[in-house]
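Okay, so here's the structure we're looking at.
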Amino acid sequence: MGPNMYYYPYSEFLKNKYGEKVYKLPVNLPVTCPNRIAGRGCIFCAEPGTGFEAMDAQVPVAEQIIRTKEHISPKYKARLFIAYFQNYTNTFLPPESFRAYVTEAAKIKDIVEIAVSTRPDCITEEYLDILQKVSREHQVEITVELGLQTVNYHTLEKIGRGHTLAAFIDAVLMIRSYGFDICTHVILNLPWDDRSDCLETARVLSALKVNAVKIHSLYVAKNTPLCEAYENGTITLCSKEEYMERLICFLELLDPDMAVERLFSRIPEKDAVFCNWGMSWWKLKDELTKEMERRGTYQGRTYGYLHGAALHTLRDIR
């Protein structure tokens, strides 16, 4: 982290990696999720998945990227871009289709990285080999984004994730062997988690040397099983103050070299019955940094629990 930073922002991580600003361009593919084949998927997932801001999946990949790039470039003076295959489970595509889509993106000028969002139980060497070949042939970096949400395996079952913590660890180790960056998605206010679950999630991600984390505050999208539970009072969500406490403690435990890509969720107001306690994400972000400044705290402040921590403590006592 740089001086006067309370956490290591993803924008700074990209600047350090590429020497200048880099922007993500969402790409939507005609794919679904294996978790939806036999049911409704994760209880929080809306029908459009997470691709609220992406174009229709039937628009060719190159067209999606070029049109979005033309919009972003003059607005943010951007020159380098990441093609972000965001929605659903992108490695649930047939391998040859996956290869074609990723290659199409990698060929576009100023694309320096391919980011692929997927599930821990949809990672195999076949897909990683494809990404490795595309990376070498087109000189692009690779990041794999994995949805985990929590390390509490009881909660994983309750939210219908359809995979275990072991599957996540297995996927991380597999991806790491290829040298790709890894970003993990987590939710810090799941109704069945308490603060200790959030803190253990930070510890596990740090121990696994994940490169980046995307932190979400749980929103309640319309027409989801979560929405049904929320509206009939089966579940309750923690207060904003409790979320802030969990978030600060999470950041304090996090490896200071791990980039933080997001702190709060974003969803169009028309698509949700609850999001961010009725506040904008940027106001919450301001509130967070002011509170961290007041406390004199920062990411990694309590990051000292790995690499034989008990032995270090014993030596200090002696």
Which numbered condition A202 misses (of (1) on the phi < 0 side of the Ramachandran plot; (2) in a loop (DSSP other than H, G, I, E, B)): (2)
Condition check for Y84: among the aromatic types (F, W, Y), outside any loop (DSSP other than H, G, I, E, B) and touching a residue at least 24 places away in the same chain (Cβ under 8 Å): yes
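Sort through A100, A46, A57, A105 and tell me the only one that's on the phi < 0 side of the Ramachandran plot, at pLDDT below 95 and over 19 Å from the mean Cα position of the chain (by Cα).
A57
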Residue satisfying all of: in segment 113-138; under 21 Å from the mean Cα position of the chain (by Cα) and charged (D, E, K, R); most open to solvent (accessible area, probe 1.4 Å) among these: D121
Subset of segment 63-97 [touching a helix residue (DSSP H, G or I) at 6+ places or on another chain (Cβ under 7 Å), of a type in the set (G, A, S) and modelled with pLDDT of 95 or more]: A83
Subset tally (residues that are out of contact with any strand residue (DSSP E or B) (no Cβ under 6 Å at 6 or more places or on another chain) and modelled with pLDDT of 95 or more) for segment 261-274: 1
Condition met for D110 (in contact with a strand residue (DSSP E or B) (Cβ under 7 Å, 6 or more places away or on another chain) and open to solvent by 20 Å² or more (accessible area, probe 1.4 Å)): yes
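The values are calculated or read from the model by the stated rules, or taken from the named source; none is laboratory data. What you see is a predicted model; the values in this text were computed from it and never measured. We place every Cβ from the backbone using ideal geometry, glycine too, and count neighbours over all the protein chains shown. Just the protein is used for accessible areas: all its heavy atoms, side chains included, with ligands, DNA and RNA removed. Shrake-Rupley method; radii C 1.70, N 1.55, O 1.52, S 1.80 Å.
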